[in-house]
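Have a look at the structure below, then the notes.
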Amino acid sequence: MREADQTICFFCLIVFIMQYESNPFYLTTKWKRKRKSILKRDKYQCQDCKRYGRMREATEVHHIKHLDEYPELAYDNDNLVSLCHACHNARHPEKGRTARKKYEKVSGRGAGTRKIAKNFD
C-alpha cells in the first residue's frame, strides 16, 4: 500500500504532529530516504509481529537505541527496525500517554475518551 493511500485517525494525527514538532530530524530528506530503505529492507513487515508468526504491514521505523540518547546511531541500519503502529507504540508507552492527554485537550473530551484512545495504542 502506498503512503498516500493510507487514511489516519484524529488521534494518530496528533501523535504524528507531536513527533515532528518535537524533533525536526524526522523532516529531513536524509531521514526520509533512510526510513524508506529500512522499510524496503524489512519487506514492509513488522519485525516484532513477524517474530511471533503474525504478518502485519510495517508503517514506522524505530530507533532501537533512542535518537535523543544516541544521535550518532541515527542512520545506523543495525539500530533501525520496521514496526507496525501498534508495536511501535508498545515500545514507546510514554508517547501514548502524552498523545492521549493532548487528544483530550484538543477534542475537549475527558476521561471517557481514554477507553476509545486505548484502542489506538
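No lab work stands behind these numbers, since they all come straight from the coordinates. This structure is a prediction, so every number in the text was calculated from the model and none was measured. Positions of Cβ are generated from backbone atoms using ideal geometry, with glycine treated the same way; all protein chains shown enter the neighbour counts.
Residue-wise HN-Hα couplings along the range 47-55, as the Karplus relation 6.51 cos²θ - 1.76 cosθ + 1.60 with θ = phi - 60° gives them from phi, are 6, 5, 4, 4, 4, 9, x, 9, 10 Hz; Gly and Pro carry x. Of the chymotrypsin sites (Phe, Trp or Tyr not before Pro) found in the range 39-82, those in coil by DSSP whose Cβ has at most 10 other Cβ atoms within 10 Å are Tyr52.
Full extension of the chain between Glu94 and Thr29 gives 20.7 nm of extra length, using 0.36 nm per residue less the Cα-Cα distance.
Which of the peptides 62-69, 27-34 is most tightly packed, and how do the rest follow, going by the mean number of other Cβ atoms within 10 Å of each residue?
62-69, 27-34
The HN-Hα couplings worked out from phi for the range 68-81 by the Karplus form 6.51 cos²θ - 1.76 cosθ + 1.60 (θ = phi - 60°) are 5, 8, 9, x, 5, 9, 3, 10, 6, 4, 6, 9, 10, 9 Hz, whole numbers, x standing for Gly and Pro. Relative to the current alpha-carbon distance between Ala86 and Ala74, full extension at 0.36 nm per residue lengthens the span by 2.1 nm.
Within a Cβ distance under 13 Å of Tyr70, other residues only, what is the Lys/Arg minus Asp/Glu net charge? Net charge in that neighbourhood comes out at -4. The amide H of Gln45, built 1.01 Å from its N in the peptide plane, has Ala58 as neighbours under 5 Å, considering only residues 5 or more places off or on other chains. Each residue of the range 62-67 was assigned a 3J(HN,Hα) from its phi angle through the Karplus curve 6.51 cos²θ - 1.76 cosθ + 1.60 (θ = phi - 60°); the sequence is 9, 7, 4, 9, 4, 4 Hz, with glycine and proline shown as x.
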